[in-house]
Amino acid sequence: MQGRSDPQRELLDVESVAGHLLPEGGMFAFLAAHRRELFPDELFVDLFATGRGRPSVPVEQVASVLVLQTLHNVSDREAVEALTFDLRWKAACGLAVTDSGFHPTTLTYWRRRLAASDRPERIFDVVRAVVAETGALAGKHRRALDSTILDDAVATQDTITQIIAAVRRVAREVPGAAEVIAAQARGHDYTQAGKPQIAWGDEQARAELVDALVGDAHRILGHLPDQELDAKAAEAVGLLALVAGQDVEPAEGSDGRDGRWRIARRTAPDRVISTVDPEARHAHKTRHRRQDGYKAHLVVEPDTGIITATALTPAAGPDNSDAAIGITLLDREPGQTEPGQTEPGQTEPGQARHDQAGPRFEVLADSAYGTGEMLAALEAAGHRPVIKPWPLRPTVPGGFSLDDFTVDENAGLVTCPNGITTRITRSRYAVFGARCRGCPLASRCTTSASGRTLRLHPHDALQRAHRARAADPQFAAIYRRHRPMVERSIAWLTRGTRRLRFRGTRANDLWLSHRAAALNLRRLLALGLHRQPAGAWALA
């Protein structure tokens with residue numbers, strides 16, 4: 001059950017004995033003085049509603065350790081050692097000199113309960129409430145969006161390692177699978193960990209092994225007992241099917257029906273890179289730089305550097321792109337409505353939410369956020385995009401770009417630079433075709449013998465208007481002045497902690513929210529955070 005702290009201080013309480021030695025305005029001194037106001041007992045009471053759990057640990061103590069742990073980027077064991085031997089940690093968490101820390105698994109236990117709760121980001125929300133009470137963001141109408149790749153906590157596995165690991169997992173999780181594997185497997189002894197002993201320098205031997213392992217996987221999947229599977233068993237079967245198919249293709253001269261396979265001459269776009277952490281993904285920051293892991297998405301107030309919303313997703317996939325996540329993060333801002341809800345004055349969910357004072361936020365972001373869908377979502381939400389537009393690439397270097405064509409959406413017509421007009425098809429193509437023959441401008445327009453064809457985005461008009469706004473010097477001045485500030489917050493976030501400590505999106509997303517809470521609290525302290533006599537939070 002949830003523990004409670006003793007309001008009576010012990011004789012050797014570190015805060016009483018040596019609290020005056022803590023640097024004023026630092027995190028340790030602040031938590032020593034105000035951890036009870038920040039993290040009252042009621043904050044976590046729903047996690048222990050059944051009255052059952054591990055031995056009591058006070059809420060304020062665990063929450064303070066979680067904040068300090070993510071701020072200093074230490075493991076559970078290192079955090080508990082600091083709580084046992086470091087007087088600063090003892091003072092911040094309310095321990096006496098002679099007190100020992102709790103067992104490291106207590107932190108794991110609390111994080112699991114938090115992650116599975118209805119409010120996993122409650123520590124971040126506590127700090128966000130402090131930010132709101134101080135007025136640090138009052139009148140701040142700009143928000144900067146950005147993301148960064150964080151390395152996963154596991155090793156990337158090759159195809160052979162993944163298939164063997166997936167088969168062994170099926171043997172552990174699925175009832176009756178061990179017998180099926182023993183009867184059907186021919187390429188490897190799956191009771192043995194590690195890779196088979198073959199001549200790894202022999203390309204033919206590697207190809208034969210891949211073929212044998214993929215064949216084993218298919219036979220195992222086809223002969224598993226027909227039964228109702230629990231969540232772990234179903235996940236194990238699904239993972240085996242995935243890893244047995246994502247990296248292979250029919251062998252040369254095979255149509256795929258004879259069961260002969262080889263490593264594919266391409267990479268699956270959403271490839272699972274480890275059976276230990278199936279949610280980690282490959283990501284390309286540049287054409288030549290690849291990272292494996294997760295993507296941390298942030299919304300930052302650029303003047304103060306305070307993080308107002310976070311999300312952590314797999315590093316690849318269309319649903320995890322910067323633009324797809326960006327608008328959902330803005331909706332988490334205080335005062336924003338949840339999807340499907342309405343605000344006072346709205347008649348329907350999703351109605352544009354402009355007020356008399358102008359847009360909700362000026363949203364600053366790089367071109368990764370400049371999709372038509374993102375621009376449409378920002379307009380519907382009442383935000384003003386200050387986003388670097390997607391660059392237009394002419395078909396012919398130095399030739400005509402999309403903006404050199406005039407589009408009349410109402411009439412459904414497109415006119416080229418030579419004044420030739422064609423209709424927009426239902427699939428939003430504008431085909432000039434034979435009209436390009438003999439055109440004196442054709443060499444600057446297209447290299448196709450069949451003439452120029454345009455593919456118009458569903459939000460083409462919105463994108464054109466945005467590119468026109470971006471040409472305004474004032475737009476460029478705002479972008480250059482405020483957008484780079486988000487890099488400062490990204491640097492704070494990743495300083496000393498590019499590699500994540502946990503497996504899976506949910507656990508790492510919780511870590512990110514705790515990290516953002518700790519950074520925001522440290523930033524508020526730098527701005528002079530203090531408690532007024534009346535009990536309100538304020539800045540100096």
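Things to note:
- Farthest toward the positive end of the dipole of segment 390-528, out of Ala411, Val486, Phe475, is the Cα of Val486, where the dipole comes from beta carbon charges about the Cα centre.
- Accessible area in square angstrom per residue, segment 365-487, 1.4 angstrom probe: 54
- Applying 0.36 nm per residue to the separation of Gln204 and Ala231 and subtracting their alpha-carbon distance, the gain on full extension is 5.9 nm.
- Sorted on the mean count of surrounding Cβ atoms within 10 Å across their residues, most packed first, peptides 528-537, 90-99 read 90-99, 528-537.
- Amide H to amide H distances under 5 Å link Leu413 with Asp408, Ile424, where only residues 5 or more positions off or on other chains count and H is placed in the peptide plane.
- Remark: spin-label model distance Asp366-Lys195 equals 3.5 nm, labels positioned 7 Å along the Cα→Cβ axis.
- In this simple spin-label approximation, Ile478 and Arg501 carry label points 7 Å from Cα along the Cα→Cβ vector, and these lie 4.0 nm apart.
- Here the accessible area is traced with a 1.4 Å probe on the protein chains. For the chain, carbon and sulfur cover 51 percent of it.
- One entry in (1) 47, 40, 19; (2) 56, 36, 22; (3) 36, 25, 22 is semi-axes √(5λ) of the Cα gyration tensor in Å calculated from the shown coordinates; its label is (1).
- Antiparallel %, DSSP beta bridges [both residues in the chain], to 5: 80
- Among Phe39, Thr108, Thr156 - extreme Cα towards positive end, dipole of the chain, charges at beta-carbon: Thr156
- Size of charge dipole - the chain - debye, nearest 20, with Cβ of Lys, Arg +1 and Asp, Glu -1, no other charges: 1660
- Highest to lowest packing among 190-200, 290-300, 445-455, 166-176, scored as the average C-beta count within 10 Å: 290-300, 166-176, 445-455, 190-200
- Relative contact order (percent, whole number), segment 362-498, Cα cutoff 8 Å, 6+ residue spacing: 24
- Excluding same-chain neighbours fewer than eight residues apart, the aspartates and glutamates reachable from Lys90 by a Cα-Cα span under 18 Å are Asp6, Glu10, Asp13, Glu15, Glu24, Glu37, Glu60, Asp76, Glu78, Glu81, Asp99.
- Modelled FRET efficiency - R0 25 Å, Leu413 with Glu249, Cβ distances, 0.05 increments: 0.05
- Rg and Dmax of segment 50-177, based on Cα coordinates, read 20.5, 64 Å.
- Long hydrophobic helices in the chain, taken as whole DSSP H segments with a C-alpha length of 24 Å or more on their own axis and mean Kyte-Doolittle hydropathy at least -0.5: 203-223, 505-526.
- Theoretical ellipticity at 222 nm over the chain - DSSP helices of four or more residues, -39500 (n - 2.57) apiece, nearest 500: -11500 deg cm²/dmol
- Modelled FRET efficiency - R0 25 Å, Ala470 with Asp331, Cβ distances, 0.05 increments: 0.55
The values are calculated or read from the model by the stated rules, or taken from the named source; none is laboratory data. It should be emphasised that the depicted structure is a prediction, and the values quoted were computed from it without experimental measurement. With ideal geometry, Cβ positions are generated from the backbone for all residues, glycine too; neighbour counts draw on all protein chains shown. Calculation scope for accessible area: heavy atoms of the full protein, side chains included, ligands and nucleic acids excluded. Shrake-Rupley method; radii C 1.70, N 1.55, O 1.52, S 1.80 Å.
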